[in-house]
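**Q** Structure below; questions to follow.
The values are calculated or read from the model by the stated rules, or taken from the named source; none is laboratory data. Since we're looking at a predicted model, the values are computed, not measured. Heads up, the Cβs are rebuilt from the backbone with ideal geometry, glycines too, and the neighbour counts pull from every protein chain shown. Keep in mind that these areas ignore ligands, DNA and RNA; they rest on the heavy atoms of the full protein, side chains included. Shrake-Rupley method; radii C 1.70, N 1.55, O 1.52, S 1.80 Å.
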Amino acid sequence: MSAADGGGTTTLVVRVENKAGVLARVAGLFARRGFNIESLAVAPTDDERFSRLTIVVGVDAAPMEQVVKQLDKLVNVVDIRELNPAASVERELMMVTVRADPEIRGQILDLVRIFQATVLNVGYDEIMVSLTGSPSRVDDFEGLLRPYGIVDVQRTGKVALPKLVKAAPDPLAP
Amino acid sequence: MNMNGGQALMKALENEGVDILFGLPGGAILPVYDPLIDSSIRHVLVRHEQGAGHMAEGYAHATGRPGVAMVTSGPAATNIVTPLCDAYMDSIPMVVVTGQVPYAAIGTDAFQECDTTGITMSVTKHNYLVTEAADIPQVIHDAFYIATTGRPGPVLVDIPKDIVDPNNPRSAMEWYTPDSHDLPGYLPNQAGDAELIRQAAKLICEAERPVLYTGGGILKSRGAEALLELAEMTGIHVVTTLMNRGGFPDDHPLCLGMPGMHGNYTAVTAMQEADLLIALGARFDDRVTGKVGEFAPLAKIVHVDIDSAELGKVRRPDVAIQGDCRVVIEELVKALKEMGGSEAQPDRNQWRSRISGWQERFPLTYEQSKGDELLKPQYVLEQLRDSTPSDTIVASGVGQHQMWTSQYWKFNHPYTWVNSGGLGTMGFAIPAAIGAKAGRPDRMVWAVDGDGCFQMTAQELVTAATEGFPIKVALINNAYLGMVRQWQEMFYEERYSEVYLTRDVPDYKMWAEALGCVGLRVESPEEVGPAIAQANEIDDQPVVVEFRCEAEENVFPMVPAGMSNSDVVVDPSQRDQPR
Ligand SMILES: Cc1ncc(C[n+]2csc(CCOP(=O)(O)OP(=O)(O)O)c2C)c(N)n1
Ligand SMILES: [Mg+2]
């Protein structure tokens, strides 16, 4: 299983102070303690004092409890949420340029339609598309495009939020 | 009040209660050395920046207050990396100020530029690159707060030249006195969880063979008195790790002394046979546990530490309590009292008699030198211990002499042992002793140093001589990098590789004199006492006493690296004793 499947990995959502060098502190900590980063996404939050890191960590390489506790000791780390893949919604963005001679372009457009991907740019023998979806769906799409010849591909690494509570509170409960 | 960044830095340090600064100037930090002249803070001019760092550590060890060092950029900053790492490993509160090239020049490979915050990121609790003069008061206030709270540690503040240089408009600022910290990711917690403390108390009341395994957290939390109360109320024996020598009096009947690789047999074995280890501010270091999988196999574990990352890092505790050692011990004592205090403790006579049996069969021992043999270092340390005041502060280097000092000294007061435990930094003793003397001028301060260590930082004796720190150095000259020699003897079939230092070069007596100290040389047992007495009399100059010691002497007991503590190798004279 690949990291994107959530196999052998845990996702940490880490809120950090938006200060110079914070990413280096986090990356340096992982390197020094022998923890492995599978993917890392950095983004601003609605509060400009903070940024959010979404870090996918290989769990086989390190006891997750130690990863979290050591991260938490960094002065600039404000809080850490550990997201279990089953209890969270995960998304990843892929941009990919594929070989697409005019005679096979239609086949690729079929896949684009099926996956509800988006065509971003078209060249005389290549096409650039993007897909946002769960990491495994993005994997599938990439796999189906591969035989046509992938010229360039970029994936953002996943971001995630916890799933929401389904059952509304009982209005009759005391 | 209008001022420049350099003046603000000095004022900020004064406001933090800094009374002494160890440092050495240079280009990037130069503007700060001007307002220093008008400051109430005393500056001690070191001879090497590593010395400044270890002095700050020694000061912190002896006083509990943060040590402060100030050095310039580039090579000075790299020279102080070793003390930062040392302080990080041993949780020593320290603030280091480094100069940096002007802000606009950062990243251009300017003269004496180095990426100080990048280099020191992994050996500091936190570090700062200050970009605006106006940030200086707040950053210094935060730096001291971070260094001294939670698990203490070193904090580095890197200051570009332009923001402290009065000739640069970027240094202009308005002074303010910060009264709070905006550190949303740093919320140190002191108190332990009450329910967990009750669970720990319950385990203590049930244990037949409990041991208090106490580490540096006792001293850091000023918890020695609380520990004494806990031990006396429960009657539980105490082992004091290398970092907690002095945290429980060696003369106390419940004290078992130092555990670990060169710990005494009883401390090692009592832990190994215990059914409950109450770990207080200790971190299950590999030098204490031996082979981790076979460490204290029968013991349940109560682990108290201010740093939650230590709980479960090495050994999974049965009860893990995050909190300040002193606060948690005091709560634990209360909880135990509620359960009946000493009355509620089970009968542990059998355990006590096993312990005293080990103590009788396996005391520390060595064979006194005969005929024209050179001195036994253990004898020197016994003499030194017995001829100095009981509150003497002892700093040590790293090697055999360090282990003998920890073994043979009687530490009966907290904050009398100054030592490099986690990093094991050769050359620590002399500058650390100077820092301790600076913090406690009322105390006698001895450094016990190896001949190898001495050659790494002896130049700081010039600092001691010129700045008026009359420390005393007991130099254990065994002509070898002795600890490494011992390993080669025991584990490499006596194939000695690059461990011989020579006996007579340098001439330590002459060198000591050249450094501005009194130099004495001792070769026979009869001379040891009188030389120490002579050194103790000298209070206006540092003294170096060279003790010419046997080269072949080994440190025992010893748990060979990677072996189980049950396989501790005792002194040759005790090997036929029943365990
Ligand atoms: C800076 C540094 N370099 C190397 C070592 C490895 N080392 C540990 S003990 C030791 C020998 C120390 O020799 P000496 O100071 O003469 O002390 P002795 O063991 O002889 O008492 C060495 C080289 C170290 N701990 N620190
Ligand atoms: Mg030696």
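**Q** Please state, to two decimals, what the Cα-based radius of gyration of segment B:166-248 comes to when divided by 2.2 N^0.38 Å (N = residues).
**A** Values: Rg = 21.7 Å, N = 83, 2.2 N^0.38 = 11.8 Å.
Its radius of gyration relative to the 2.2 N^0.38 Å reference: 1.84.
**Q** Nearest 10 degrees is fine. How inclined is helix A:102-114 to the longest principal axis of chain A, computing both from alpha carbons?
**A** 40
**Q** Accessible area per residue, 1.4 Å probe, Å², for chain A: what's the number?
**A** With all protein chains present, chain A gives 55 Å² per residue.
**Q** Beyond 29 Å, what percent of the Cα pairs of segment B:2-174 remain? Kindly include the intermediate steps, with their values, before the conclusion.
**A** Working: 1330 of 14878 pairs.
Here the long-distance tail beyond 29 Å is 9 percent of all Cα pairs in segment B:2-174.
**Q** Pairwise over distinct Cα atoms, reciprocal of the mean inverse distance: report the Kirkwood radius of segment B:225-373 in Å, one decimal place.
**A** Numbers: mean 1/r = 0.0608 Å⁻¹.
The answer is 16.4 Å.
**Q** Using the Kirkwood radius built from alpha carbon pairs, what does the Stokes-Einstein equation give as D for segment B:360-450 at 20 °C and 1.002 mPa s, in µm² per second?
**A** Estimated diffusion coefficient is 154 µm²/s.
**Q** Another question, then. Can you figure out the FRET efficiency of residue B:233 with residue B:361, using R₀ = 22 Å and their beta-carbon distance, to the nearest 0.05?
**A** On the way: r = 29 Å, r/R0 = 1.32.
With a Förster radius of 22 Å, E is 0.15.
**Q** Treating each Cα of segment A:3-85 as an identical point scatterer and ignoring solvent, apply the Debye formula and state log10 I(q)/I(0) at q = 0.14, 0.16, 0.25 Å⁻¹.
**A** Cα-only, vacuum Debye calculation for segment A:3-85: -0.42, -0.54, -1.31.
**Q** Can you flag which of A:19/B:220; B:376/B:437; B:202/B:300; B:11/B:161; B:291/B:376 are past 21 Å Cα-Cα?
**A** In this structure, A:19/B:220; B:376/B:437; B:291/B:376 exceed 21 Å between Cα atoms.
**Q** Test of the criteria: in segment B:517-556, which GluC sites (Glu not before Pro) are in a DSSP loop and have at most 13 other Cβ atoms within 10 angstrom of their Cβ? Don't skip to the end; give the middle numbers.
**A** Working: sites: B:523, B:526, B:527, B:537, B:546, B:550, B:552, B:553; in loops: B:523, B:550, B:552, B:553.
Those satisfying the criteria are B:552.
**Q** Do me a favour and compute the ellipsoid semi-axes for segment B:377-548 from its Cα gyration tensor, root of five times each eigenvalue, largest one first, whole Å.
**A** Listed largest to smallest, the semi-axes of segment B:377-548 are 24, 18, 16 Å.
**Q** Further question on the same structure: What Kirkwood hydrodynamic radius, in Å, does segment B:117-170 give when the mean of 1/r is taken over all pairs of distinct Cα atoms and then inverted?
**A** Computed over segment B:117-170, the radius equals 11.9 Å.
**Q** For the protein assembly as shown, which whole-number percentage of the solvent-accessible area (1.4 Å probe, protein heavy atoms only) is attributable to carbon and sulfur atoms?
**A** That fraction is 51 percent.
**Q** Please list the three semi-axes, largest first and in whole Å, of the ellipsoid equivalent to the protein assembly as shown, using sqrt of 5 times the eigenvalues of its alpha carbon gyration tensor.
**A** 51, 35, 26
**Q** Taking amide H positions as placed in the peptide plane 1.01 Å from N, state which residues far from residue A:50 in sequence (5 or more) or on other chains have amide H under 5 Å from it.
**A** A:18, A:45
**Q** Residue B:112 label point, 7 Å along Cα→Cβ, cut-off 15 Å on backbone N: hits in segment B:64-104?
**A** B:70-80, B:97-103
**Q** Here's something else I'd like to know. For the pair residue B:334/residue B:540, report the inter-label distance in nm, with labels modelled 7 Å from Cα in the Cβ direction.
**A** 5.5
**Q** Let me ask another. Report, to one decimal in Å, the Kirkwood hydrodynamic radius for segment B:404-481 based on all distinct Cα pairs.
**A** About 13.1 Å for segment B:404-481.
**Q** Now, a different point. Give me the dipole magnitude in Debye, nearest 20, for the protein assembly as shown about the Cα centre, with unit charges on the beta carbon: positive for Lys and Arg, negative for Asp and Glu. Intermediate values should be presented prior to the final figure.
**A** On the way: 64 positive and 100 negative charges, 268 e Å.
For this selection, approximately 1280 debye.
**Q** Over 10 Å intervals from 0, what percent of Cα-Cα pairs in segment B:263-324 sits in each interval?
**A** Pair shares across the bins are 23, 57, 19, 0.
**Q** What per residue convex hull volume, in Å³, comes out for segment A:89-161 when only alpha-carbon positions are used?
**A** 71
**Q** Now a separate question. Would you be so kind as to identify which of A:151, A:165, A:95 lies farthest towards the positive end of the dipole of chain A, taking Lys and Arg as +1 and Asp and Glu as -1 on Cβ and the Cα centre as origin?
**A** About the Cα centre, the residue reaching furthest to the positive side is A:165.
**Q** Moving on to the next point. Working out 0.36 nm times the residue gap between residue B:349 and residue B:195, then minus their Cα-Cα distance, what length gain in nm do you get to one decimal?
**A** Values: separation 154, 0.36 × 154 = 55.44 nm, distance 2.97 nm.
Residue separation times 0.36 nm, minus the Cα-Cα distance, leaves 52.5 nm.
**Q** Please grab the % of Cα pairs in chain B that end up more than 34 Å from each other.
**A** On the way: 71813 of 167331 pairs.
In whole percent, the long-distance tail amounts to 43.
**Q** Separate question: Relative to the present Cα-Cα distance, how much length would full extension add between residue B:37 and residue B:251 at 0.36 nm per residue of separation?
**A** 72.4 nm is the gain from fully extending residue B:37 to residue B:251.
**Q** On to the next question. Give, rounded to the nearest 20 debye, the magnitude of the charge dipole that segment B:265-329 has about its Cα centre when Lys and Arg contribute +1 at Cβ and Asp and Glu contribute -1 at Cβ.
**A** Dipole magnitude for segment B:265-329 comes out near 60 debye.
**Q** I've got another one for you. Name the residues whose placed amide hydrogens come within less than 5 Å of the amide hydrogen of residue A:78, ignoring near sequence neighbours (fewer than 5 apart) on the same chain.
**A** A:15, A:16, A:17
**Q** Now a separate question. Of all DSSP beta bridges in chain B, what percent run antiparallel (nearest 5)?
**A** If we restrict to bridges inside chain B, about 5 percent are antiparallel.
**Q** Let me know the whole percent of all Cα-Cα pairs from segment A:28-174 that are separated by more than 19 Å.
**A** Values: 6849 of 10731 pairs.
Value for segment A:28-174: 64 percent of Cα pairs lie more than 19 Å apart.
**Q** Can you pull out the GluC sites (Glu not before Pro) in segment B:286-390 whose DSSP state is coil and whose Cβ has at most 12 other Cβ atoms within 10 Å?
**A** Sites meeting the loop and neighbour criteria: none at all.
**Q** Between residue A:95 and residue B:292, how high is the FRET efficiency from 1/(1 + (r/R0)^6) when r is the Cβ-Cβ distance and R₀ = 41 Å? Nearest 0.05.
**A** So, using R0 = 41 Å, E works out to roughly 0.30.
**Q** Okay, next question. For the interface of chains B and A, what total accessible area is buried with a 1.4 Å probe, rounded to the nearest 100 Å²?
**A** Rounded to the nearest hundred, the buried surface is 1500 Å².
**Q** Keeping all protein chains in place, calculate the accessible area per residue for chain B (probe 1.4 angstrom), answer in Å².
**A** 37
**Q** Give, rounded to the nearest 20 debye, the magnitude of the charge dipole that segment A:89-161 has about its Cα centre when Lys and Arg contribute +1 at Cβ and Asp and Glu contribute -1 at Cβ.
**A** Details: 8 positive and 11 negative charges, 47 e Å.
In debye, rounded to 20, segment A:89-161 gives about 220.
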